[in-house]
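Data first, discussion second: the structure below is written as C-alpha cells.
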Amino acid sequence: MAGFNLKDFSIRRGMVFDSGVHFVRPMLLAVAVGVGTGFLVVAFIKSILWMTAFCFNPATNGTWKVIFIPAVGGLLAGPLIVFFAPEAKGHGVPEVLKAIALRGARIRPIVTVIKAVASVLSIGAGFSVGREGPIVQSGAALGSSFGQWLKLPEAMIRNLVACGAGAGIAGVFNTPIAGVMFASEVILRDFGASALSTVVVAAVSSSIISRIFLGDHPSFSVPAYHLQNPQEIFLYFGLGILSALAAVSFMSTLEWSETKFENWKFPDWLKPACAGLLVGCLGFVFPQIFGSGLPGIQAALNGNLPLHILLSLVFVKIVATAISLGGGSSGGVFAPLLFTGAVLGGSFGRLASMHYGFSLAPDGAYALVGMASTFAAAARAPITSILIVFELTGSYGMILPIMVAVVTATSIAQIISKDSIYLSRLKRKGIDIKSFEESRVLEGLKVSDAMTRDFQCVHQDTNARQLVDVMSQNLAKTIFVTDRRNALSGMIKSTEINNVLMLEGKDFLIADDIAVVCKEHTFADEPLNEVAQVMAAKHLTEIAVVDTFDTSKIIGVLKSDDIFRVYAEGVSKREEILNHQAGERMLEPSDTKTFIFTVTPRSPIVGKLIKELNLPPGVHFNLVKRSNRFAIPHGNLLMEARDQITVIVMAQQQEALLEWLKHNKLKVF
C-alpha cells in the first residue's frame, strides 16, 4: 500500500511507507539532526575559543581593562537578543521546555543562529555562563526546524527537539551517554525505548563529529581518586547536604537577579552591558569566574586552588552567574553549577582533611563529587549528573560516594524547592509544564482504545446488487474489500455505491471494479492524538486499522465518532477531578483567596490565548467554565466571551491580580 510523502502527515509508525521502513526513517532523521548539531558544536566552541583569545590576551589579562570587556560583549549581544530573538535570552533550556509545552515543539529557525552568536559574544567576553545551554537550545531549534520543514506530527517534532538537545550536550562535553540521559530526564521526561533510540543515534552522531574536529579526550584530566576510608561515606553524605543548599542558593539568587533586572525601567538591549560591567568588576578580583569556568573546575579537581579562593568562589560564582543571566546575556547554567559544586567540594575536602585524624581522599575527589551533587540538586537530574561526571573525567573510582551525595542532594533540594532550575523560571511566568501536559486528554491513548472491530468486509467478486444489500442492511459508510487470500485489497464508500446504481449494466459489476485502494491506514498501537490530527488534516471520517506485522490484514476501523466519544469520556473524567480539586481548594488556608470573574464581550482578552494574557507572576487560571462545561486551563486555550474563570492566589498576589483585572475591563463577583 502507498504511504504518505515525506513532507506529509503520516500515521504509520515513524512516518513510513511499509512496516519495514518505519524503523529506518526516524533513525535517519536523528542522524541528520545529530550531525547538524555536531557541526554547530564545532563551530560554536571554536568561535568561543577565538573570541576568548581575542578579548583576554596578554595585554588585558590582570589589568583594569578586563572590567570593561564583558560590558562590550553585552553591548553587542543585547540588541541581537532583544530585536531578533528574545527567546535566546537566558540559559536556553526553559525556552525549549516552553516550546514543547505551548507551541507543539515548534521553535523559530532564527533562534538557532541568534542563540549561538549571542552566546559566543557573551561567553567569549567573560560573562559567567556555560556553553551547554546555548547549544542545547540551538540543537533543539535545529531539530524543530527539520520537523517543521518536513511537516511532521507534533510527537515527531518533539522527539527531534530532544534529539537536538541530547546531541548538543553530547557534542559540547564529549559525553554521549549523558546527552541521552539529559534529553530523556530533563527535556522529554520519558525513558521509553522509542524515545531513547532516536536520541541515542543523534547523540552518537554529534559526538563523532565533535571528536573528529575537537579531539577524543575527556573534558577534564582527573587523577584516579577512590574511597580511602569507609568512614568517608558520612563526609560525602554531609557534602550532599551542602550541595543541596548551594544549589537552592544558586536558584534563589538567579531568580532574584532576573526579577530585579526585569523590573528595572531601563532599555532591555542595554541591560546586558550593565550586567557585564558588574561581572567585570568581580572578574578583576576573581578571574576564575570569567566565561564557563572550565579552567577553574580543572584547578579544583587537581587541588591547585588555595582554601580562601575555593571558599570565596562558591559565593562569587553564584553571584556572577546570576548577574550575567539576570542581565539578559545568553549562556547556560550547566557549567556554572559544575563550577560551584567543584569549589564547594574542594573546600569541604580541604577543611575535612584538616580536622579528621583518619586518612581521607584528596580534596580533588570531593570536588568531583560536589560537581555531580550540586548539578543534580539544581536540575533534579540525578542519572544525568552521575553519568556526566564519569564521562567528563573518565574516572569511575568514586561511584559509591557520588551516588550517596547525588541522592542526598536531590532529595533535600526537592524538599526545599519543588521545581528544578529549569522549571522554576517558567513557573514564575505562569507556565506550569506538568499541568499543561496533564491537560492533553488524548495523550497516552492508543488507537486500540477507540477503534471498533465491528466492520463490514466483502469478497472482491461480490456483485453490485449484493453490495447494495450489504450497505443498506448494515448502514455502513464504508465496505472493505478482500481478495482470494483474504488480504485487504481496497474499500468502497457509500457514495460510490449510489453512483453505481445510476449506471447501465450495473449487474455485471463486482466489488473489485468499484473499490479504490486504501491509501491510508494505521496500527492499533499508534498514539491516538497523532492519528486524530492526521484524520482532521485529511478530512477522513474513518480509517482502516491493520495488523502490525501484516498490513494486508484489517483488524478494525477507527471512526471520527469513536475519537469524539473517547475524548468526551476523558473530558468528563477530568471535570470530576477538577470539581474535586476546586472543592479542596476552597478549604485552603486563609492566606489564599478565590476570585471568580466572567469574560465580558468587550474585554481585550477575548480571542487571545492564555499564554498571551500577560498574567501577573505567580497567577494561574485554576478553572475555566464554558457553557456549563469545564475547560482545562493551559497556554493554548482561547478565551471566549462569557467564560467564567476561577483564580486562587496567595495574599501577596491579590493586588497584582486586581490591577490586571481592572486593566482588562473585568470585574470580580
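Each reported figure results from applying straightforward, stated rules to the coordinates on display, with no laboratory input. These numbers were taken from a predicted model, which means no experiment stands behind them. Positions of Cβ are backbone-derived with ideal geometry, glycine not excepted, and every protein chain shown enters the neighbour counts.
Note on His663 and Val113: the extension gain reaches 194.3 nm, defined as 0.36 nm multiplied by sequence separation minus the Cα-Cα distance.
Subtracting the Cα-Cα distance of Ser552 and Ile399 from 0.36 nm times their residue separation leaves 49.9 nm of extension gain. Measuring between their Cα centroids, the stretch 89-158 and the stretch 276-305 lie 27 Å from each other. Listed peptides 140-149, 344-353 appear in the order 140-149, 344-353 once ranked by packing, highest mean of other Cβ atoms within 10 Å at the front.
Could you give the dipole magnitude of the stretch 83-211 about its Cα centre, charging the beta-carbon of Lys and Arg +1 and that of Asp and Glu -1, in debye to the nearest 20? If you can, show how the numbers build up before the last one.
Values: 11 positive and 6 negative charges, 50 e Å.
Magnitude of the dipole: close to 240 debye.
Across the stretch 63-77, coupling constants 3J(HN,Hα) worked out from phi with the 6.51/-1.76/1.60 Karplus curve, θ = phi - 60°, read 10, 5, 5, 5, 4, 9, 4, x, 5, 5, x, x, 5, 7, 6 Hz, and Gly and Pro carry x. Sorting the segments 218-227, 649-658 by their mean number of nearby beta carbons within 10 angstrom, highest to lowest, gives 218-227, 649-658.
Amide H contacts of Gly332 (H built 1.01 Å from N, in plane; Pro and chain starts excluded): Gly130, Arg131, Glu132, Gly133 sit under 5 Å, all sequence-distant by 5 or more or on other chains.
So for the stretch 204-244, what percent of the C-alpha to C-alpha distances run longer than 14 Å? Within the stretch 204-244, distances greater than 14 Å cover 68 percent of Cα pairs.
The modelled label-to-label distance for the pair Gln228/Val606, using points 7 Å beyond Cα in the direction of Cβ, is 7.4 nm. Couplings for the stretch 269-279, taken from phi via the Karplus curve 6.51 cos²θ - 1.76 cosθ + 1.60 with θ = phi - 60°, read 6, 9, 4, x, 5, 5, 4, x, 5, 5, 5 Hz in order; Gly and Pro are left as x. When the C-alpha to C-alpha distance is required to be over 20 Å, the pairs from Lys260/Lys608; Lys427/Lys611; Lys493/Lys559; Lys260/Lys317; Lys265/Lys667; Lys46/Lys115 that qualify are Lys260/Lys608; Lys265/Lys667. A Förster radius of 22 Å combined with the Cβ-Cβ distance from Asn263 to Lys418 puts the calculated FRET efficiency at roughly 0.40.
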